[in-house]
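No lab work stands behind these numbers, since they all come straight from the coordinates. Only a predicted model underlies this, so the values are computations on that prediction, with no experimental measurement involved. Cβ atoms come from the backbone with ideal geometry, glycine included; neighbour counts cover every protein chain shown.
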C-alpha cells in the first residue's frame, strides 16, 4: 500500500468488500473495490504510512488502523480481515480524512 499497489493488495480482498472512501461508501465486488481504490491512490499519491493499531488475537479476524500521508492530505485507514478457507481476506476497508488535533 505504501506504493499504492492496489492490484497486489486486491489479492487479499474478499469477494465483496465494505468500502468507504471520502464521498463514497457501499459494498463492492473485488474488482469494483480495486477500481475505486486505484482512483483514490492515483489522486492521493502515498508518501508515508504508519501502523497505529493492530489486533490479531483471534485467528478468525484481524484489524488494523493505519495513518497514510499523501500528496493531498492525511488519512486514517481501518482494515478488517476475516478468515476464509484458511486465509485472512479483507472484508472492510475504510479511508477517512484524518481530523486535525
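Observations on the structure shown:
- Sequence ranges 19-32, 43-56, ranked by mean other-Cβ count within 10 angstrom, highest first: 19-32, 43-56
- Taking only the Cα atoms of region 6-97, the ratio Rg/Rh comes out at 0.95, with Rh defined as the Kirkwood radius.
- Dividing the mean sequence gap of close Cα pairs (under 8 Å, 6+ apart) by how many residues region 6-97 holds gives a relative contact order of 28 percent.
- Computed E for residue 49/residue 18 - FRET, C-beta separation, R0 25 angstrom, nearest 0.05: 0.75
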